[in-house]
């Protein structure tokens, strides 16, 4: 016999018997809360649901159709409110009689739109939120691979990629990483009203690769420099793909895997799944983007200073001959077109017409920080790197105990 109480249904069922289940309605997470601010005003916290519009939300609270329409038509709000997403929160103040007084909504981690109503007039303003930056420390020794070490250290996927990008001009993360390498990072977390909103920048980092130490410190101009004030950003990346393995290195006496003949291998082969993004190693202009029976889909880029980079066996090409290219731009994806035994990128680096090993070739010197900023930067650098060393000592002392 059915007994229904407050939308809960209690049914007597026999054991070992299957019954069809009929749902009369949807179960929804609570989306509207309200709390008294004072004796004459309420604040509502509304959790946006899929399909919600501003007018619908305001009317659900009890605000009149007239006011809901007027608010939705305000110039700045009508533009910004198009981008409200499920899971966003709106905070709405009303009188006890449901007359609108105030609304505030976080546009992003830094900006908030505030609408107020007083004496018959609406005011709308976009204001900067008070952001608090807190500095955190992470360190790890690599035992199997860099990615796992980053996750175990507590870094987010985006922070792991940012760290790799910081040192990608010096370290080929596909080939150079070894067991026992280590990294240490000072990084920001950003808070608004005491609540975490997003990850900030890496402030300073140290990477020890095969006993060689690399350092990067963020300057107020947004660029990163080593402790002497030289930019970590160089003319060329060491690797045009992320986190892959090298299947064939630069070798002028290599036996070709298809023909079996001695044929110089004038580049580096990066084995990776079909569709893996390929980045331009440096700024330049595409001089060829085509297909041939041997190279498959290929792209050649001419860079300043008599440098050329070549990318062979691509699955897809995203750029055309004559296109201007920026370092790190995705130009295509890994494939196995042309004469290739499996999906990989064949990458060549040419200087003054001569093939060079892209992993070891000496690259143009990076720019230094401007002279007027150098002393302040050196002071900052020493301070942050000392903090890294201090945290490492404390962390390892903790592990030893």
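All of the numbers you see were taken from the coordinates with simple rules; none came from a lab. The shown structure was predicted, so the numbers you read here are calculated from the model rather than taken from an experiment. Glycine gets a Cβ as well: all are built from the backbone with ideal geometry, and neighbour counts include every protein chain shown.
Quick look at the numbers
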{"read-out": "Separation in nanometres of the label points that stand 7 Å from Cα toward Cβ, at residue 76 and residue 198", "value": "1.9"}
{"read-out": "Cα→Cβ-extended label distance, 7 Å offset, between residue 378 and residue 136, nm", "value": "3.4"}
